[in-house]
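Encoded as structure tokens, the structure appears first; notes follow it.
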Amino acid sequence: MDSPKLVNKVQDVTYFELNNELNRPVDGKIPLHKDREAVRAFFLEHVNPNTVFFYTLDEKLDYLIEHDFIEEEFLAKYNREFVKDLMQTTYKKKFRFRSFMSAFKFYKQYALKTNDGQRYLERFEDRIVFNALFLADGDEQLARDLAEEMIHQRYQPATPTFLNAGRKRRGELVSCFLIQTTDDMNSIGRTINSALQLSRIGGGVGVSLSNIRAAGDPIKKIENASSGVVPIMKLLEDSFSYSNQLGQRNGAGAVYLNVFHPDIVSFLSTKKENADEKIRVKTLSLGLVVPDKFYHLIKNDDMMYLFSPYDVERIYGVPFSYVDITKEYDNMVNNSEIRKSKIRARDLENEISKLQQESGYPYIINIDTANRSNPIDGKIIMSNLCSEILQVQEPSLINNAQEYEVLGTDISCNLGSTNIVNLMKSPDFERSVDVAVRALTFVTDHSSIDAVPTIKNGNAKAHTIGLGAMGLHTFFALNQMEYGSEESIEVTDLYFRMLNFYTLKSSNKIAKERGFSFEGFEKSTYYSGEYFDTYIEEDFSIISDKVAAIFADLPVPTAQDWADLKEAVRQGGLYHQNRMAIAPTGSISYVNETSASLHPITRLIEERQEKKTGKTYYPAPFLSNETLPFYKSAYDIDMRKVIDVYAAAQKHIDQGMSLTLFMRSEIPQGLYEWKNGRTDKLTTRDLNILRNYAWNKGIKSIYYVRTFTENNEEIGSNACESCSI
């Protein structure tokens, strides 16, 4: 076949109009059938006429290979007849998109297109098969299993993987990266270069600046003073903006700073609307590393000391990030060799809340909470662009030739997500989880970022993955549970208890197959067995009859199961240092026809402003007369209920979760008891209370604060999909 046969485009389309009728109630009811009509019209009027036709599967595969659309190497690992059989088997599943938005998102964002971008070269089933074949790496049974899991939408690879798997011209399969800077010019130079390189190949980049000496700290001679972290932030922002993959994505980066760093106020000021252009950062995300001591000082309304990272490293012999500030705070206050300044803790708390109202930033990482429950030897010091990645890192030592005298470890994020609604219906829950873990394992095994040696080193040693989940609110609605109810919290606890158990079991199985574990396994609480004791010793039982019925046919692990796993892990090890993380889900949750991540929906009918086609509307997944009462907007739910649900999951998740707080600029009456008799306007006090509540509940991180204004606008709405599933 020399070239695709041209098919005339249909000029008169009705699918947008049909979809828009969702926003026009008829007799007070949402005309949901119009969305189903819109899907059908989309295929008849757009997809089918603009899909390249091939007479045979051989012709299709040969064309895609010969014209550099699909890599020949991964297909060559299989017999051609097997590849065609897998394609035919997957077509016979007769997958159908349930909503216009799900089909629209897939074909606009994920489907392989001709070089001019005008015509489609693959169906949804084809993308599934190419992912399955690519990730199975020649294993026919795993390829079949992967195709089965993905076509039934029980497992969803992250966008970079799903989009790029099998393509000849592709980006990286990983979602994002975390790197740290130490307090010297060589490290700063390396960090800027790493930011350029990582942004070029894809994914958002998180950078820790906590180790950098503060503005005014000495540089060799006392008369030479450091400029602090803000100029480095500007350099990073320019780097991300420049290295944006030829305009294919916006350069995306986040910078993290410890709240006890002397530059904390100027750090936060860079995001203020009225900030001077010399210091203002427009596209960089801000995150705070918050030790427990900050909450203690707030509670007592104490003054708060900020410590020179230069002096702290000089005294303690390790970079600032690696000092336990909560433990050492009083010693540091009393040490005359450490320069310090002080502010009122509650003043800083209010500044944080003001900025969150204005911009949605900063993210909050409760670093002591993260490290207390960390089963791995080492220290977590930061997070990523979406606040769900929490892994240990080691600092590097770089000489003047920009060579590593000590090669530290940084982090790449290998993400994927379970679809809760569909996985709960799996005929074999354990097998489904094992298949998902193996798909993610391929990504971590085949990720080799030579341009940034610390990323490559960290990945090679740790084999980390981040299996997450989406569709929690949809599952609640289908089972007629209110978000945040006791039943919903119990469901959340059970689901993630199971996911934790079976990801551990799978990791143990892979370690036995490969004959080795992640580096440092023998120093972990997995090896000592301490990690498993909580599950073995707890008095666990399902309380609600309704929840018991839902999980009746599912393999909820018993105390004996945990005891057996403890012994198996002790003997056989674990392949992955980290296994689970709840990333935000962007457009892929539309394709999966489910609610995003673990948080509540924001609207019954979501309105999306598409760049070229105007507004499109997306009804809440499986919206019906039965589910409608249980689909309350996140903006009308007490955020403490959302925190409670996330806290139930967090107990079982070794990393973090992208927990967003949804607030109205005018708080509905009766939602929060502390508002009674006070203004109904959103205040810093409201956010202060909720952050403290989250910390007390054991939440490791808070992502955005999104505020819905009186003008129907969302402040702090996440526009970055770099780390989204």
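The values are calculated or read from the model by the stated rules, or taken from the named source; none is laboratory data. Since the model is a prediction, treat every value here as computed from it, not as a measurement. Here Cβ is always computed from backbone atoms with ideal geometry, including for glycine, and neighbour counts include all displayed protein chains. Surface areas here come from the heavy atoms of the whole protein model, side chains and all, with no ligands, DNA or RNA. Shrake-Rupley method; radii C 1.70, N 1.55, O 1.52, S 1.80 Å.
Quick notes on this structure:
- Pick from the stretch 61-96, criterion open to solvent by 80 Å² or more (accessible area, probe 1.4 Å) and within 18 Å of Lys113 (Cα to Cα), ranking: nearest to the chain's Cα centre (by Cα): Glu72
- Subset of the stretch 219-267 (residues that are acidic (Asp, Glu) and modelled with pLDDT of 85 or more): Glu237, Asp238, Asp263
- Among the residues of the stretch 97-112, those identified as in a loop (DSSP other than H, G, I, E, B) and open to solvent by 20 Å² or more (accessible area, probe 1.4 Å) are Phe97, Arg98.
- Taking the stretch 336-351 as the range and being of a type in the set (Ser, Thr, Tyr) and in contact with a strand residue (DSSP E or B) (Cβ under 6 Å, 6 or more places away or on another chain) as the test, only Ser341 passes.
- Scanning the stretch 165-198 for residues being of a type in the set (S, T, N, Q), assigned to a helix (DSSP H, G or I) and within 19 Å of the chain's Cα centre (by Cα) gives a total of 0.
- Any hit, the stretch 192-213, residues being touching a Gly at 6+ places or on another chain (Cβ under 8 Å), open to solvent by 20 Å² or more (accessible area, probe 1.4 Å) and farther than 30 Å from Ala436 by Cα: yes
- Flag if Ser589 is in contact with a Ser or Thr (Cβ under 9 Å, 6 or more places away or on another chain) and either at pLDDT below 95 or open to solvent by less than 10 Å² (accessible area, probe 1.4 Å) (or both): yes
- Scan of the stretch 455-498 for residues that are buried (at least 24 other Cβ atoms within 10 Å of the Cβ) and of a type in the set (Val, Ile, Thr), ordered by number: Ile455, Thr464, Ile465, Thr474, Val491, Thr492
- One residue alone among Ser665, Ser624 is more than 18 Å from His473 (Cβ to Cβ) and surrounded by fewer than 17 Cβ atoms within 10 Å (Cβ to Cβ), and that residue is Ser665.
- Scanning the stretch 390-404 for residues that are aliphatic (A, V, I, L, M) and open to solvent by 70 Å² or more (accessible area, probe 1.4 Å) yields a single hit, Leu397.
- Scanning the stretch 332-371 for residues that are more than 28 Å from the chain's Cα centre (by Cα) and more than 13 Å from Phe260 (Cβ to Cβ) yields Asn334, Asn335, Ser336, Glu337, Arg344, Arg346, Asp347.
- Of the residues in the stretch 405-427, none is of a type in the set (Lys, Arg) and either touching a helix residue (DSSP H, G or I) at 6+ places or on another chain (Cβ under 9 Å) or part of a helix (DSSP H, G or I) (or both).
- The set of residues in the stretch 432-448 that are open to solvent by less than 10 Å² (accessible area, probe 1.4 Å) and of a type in the set (A, V, I, L, M, F, W, C) comprises Val433, Val435, Ala436, Val437, Ala439, Leu440, Val443.
- Residues satisfying the stated conditions in the stretch 368-389, i.e. part of a helix (DSSP H, G or I) and open to solvent by 10 Å² or more (accessible area, probe 1.4 Å): Asp368, Thr369, Asn371, Arg372
- Filter result (under 30 Å from Lys681 (Cβ atoms) and in contact with a helix residue (DSSP H, G or I) (Cβ under 6 Å, 6 or more places away or on another chain)) within the stretch 362-384: Asn366
- If you check Arg608, Arg603 for being touching a Ser or Thr at 6+ places or on another chain (Cβ under 7 Å) and outside any strand (DSSP E or B), only one passes: Arg603.
- Among the residues of the stretch 687-713, those that are farther than 25 Å from Ser373 by Cβ and in contact (Cβ under 8 Å) with a residue 24 or more places away in the chain comprise Arg706, Thr707, Phe708, Thr709, Glu710.
- Looking only at residues of the stretch 688-709 that are among the aromatic types (Phe, Trp, Tyr) and touching a helix residue (DSSP H, G or I) at 6+ places or on another chain (Cβ under 7 Å), we find that the one that is least open to solvent (accessible area, probe 1.4 Å) is Phe708.
- Single unsatisfied condition, Thr56 versus (1) on the phi > 0 side of the Ramachandran plot; (2) over 35 Å from the mean Cα position of the chain (by Cα): (1)
- Listed by first and then second residue, the pairs linking a residue in the stretch 227-243 that is at positive phi and of a type outside the set (Lys, Arg) to a residue that is open to solvent by less than 20 Å² (accessible area, probe 1.4 Å) and assigned to a loop (DSSP other than H, G, I, E, B), with Cβ atoms under 7 Å apart and 6 or more places separating them unless they lie on different chains, are Gly228/Ala214; Gly228/Asp263.
- Of everything listed in (1) farther than 29 Å from Glu45 by Cβ; (2) touching a residue at least 60 places away in the same chain (Cβ under 8 Å), the single unmet condition for Glu73 is (2).
- Under the condition of being in contact (Cβ under 8 Å) with a residue 60 or more places away in the chain, under 14 Å from Glu490 (Cα atoms) and open to solvent by 30 Å² or more (accessible area, probe 1.4 Å), the residues counted in the stretch 528-555 number 2.
- Close Cβ contacts (under 9 Å, 6 or more residues apart or on different chains) running from residues in the stretch 113-129 that are more than 11 Å from Val47 (Cβ to Cβ) and open to solvent by 40 Å² or more (accessible area, probe 1.4 Å) to residues that are assigned to a helix (DSSP H, G or I) and not aliphatic (A, V, I, L, M) comprise Lys113/Tyr107.
- Residue in the stretch 498-505 that is touching a strand residue (DSSP E or B) at 6+ places or on another chain (Cβ under 7 Å), aliphatic (A, V, I, L, M) and under 30 Å from Ser383 (Cβ atoms) present: yes
- Candidates Ser589, Ser597, filtered to the one that is under 30 Å from Phe95 (Cβ atoms), of a type in the set (Gly, Ala, Ser) and not in a loop (DSSP other than H, G, I, E, B): Ser589
- Among the residues examined, Ile352 qualifies as outside any strand (DSSP E or B) and either at pLDDT 95 or above or surrounded by 20 or more Cβ atoms within 10 Å (Cβ to Cβ) (or both).
- Residue match in the stretch 632-639 (condition: free of Cβ contacts under 8 Å to residues at least 40 places away in the same chain and among the hydroxyl-bearing types (Ser, Thr, Tyr)): yes
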